[in-house]
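In what follows, a single structure is set out as structure tokens and then discussed.
The values are calculated or read from the model by the stated rules, or taken from the named source; none is laboratory data. These numbers were taken from a predicted model, which means no experiment stands behind them. Cβ atoms come from the backbone with ideal geometry, glycine included; neighbour counts cover every protein chain shown.
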Amino acid sequence: MFFLAPETLARLEARLRPLLSRLPALLTVQLYSLGRQRFNATFHRHLPTDPFDPRGLSRTLWGLEFRSPIGNAAGMFKAGDGYALAATQGAGAYLAGTTTARPRAAT
């Protein structure tokens, strides 16, 4: 299943989510944890060939200028290994989460 493009996997997950949410909570969490690890591995193999140019999409919020309304949530890239890719895809902001002096294992 993970030979599919990330966009296809995301669409498939959106359709399966109502069914998955009916499973026992622990099983749902385990499936999503496994799926997220595999999705992220697939996501990193599908680098965009041309950077997305977000000109015209910029937003000013709280007096700050963002090049795009698209942002990444805290925890998305625990090891900091996906920010350049997200910027290439047009991300205009990153929400930082907890930082530590020592690396933590990605989950």
Taking the criterion of being aromatic (Phe, Trp, Tyr), outside the structural domain of ARG102 (by TED's automatic domain parsing) and surrounded by 13 or more Cβ atoms within 10 Å (Cβ to Cβ), would at least one residue in region 3-20 satisfy it? no
For region 63-94 the number of residues that are modelled with pLDDT of 80 or more and among the aliphatic types (A, V, I, L, M) is 4
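Results for (1) more than 14 Å from the chain's Cα centre (by Cα); (2) aromatic (Phe, Trp, Tyr); (3) more than 21 Å from TYR83 (Cβ to Cβ), shown as yes or no for each residue.
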residue	(1), (2), (3)
PHE3	yes, yes, yes
ALA14	yes, no, yes
LEU20	yes, no, yes
LEU26	yes, no, yes
GLN37	no, no, no
PHE43	no, yes, no
HIS46	no, no, no
THR49	yes, no, no
Can you find a residue in region 74-91 that is touching a residue at least 40 places away in the same chain (Cβ under 8 Å), part of a helix (DSSP H, G or I) and touching a Ser or Thr at 6+ places or on another chain (Cβ under 7 Å)? no
Considering region 35-85, residues that are over 30 Å from LEU20 (Cβ atoms) and acidic (Asp, Glu), and then whichever is surrounded by the fewest Cβ atoms within 10 Å (Cβ to Cβ), we arrive at ASP50
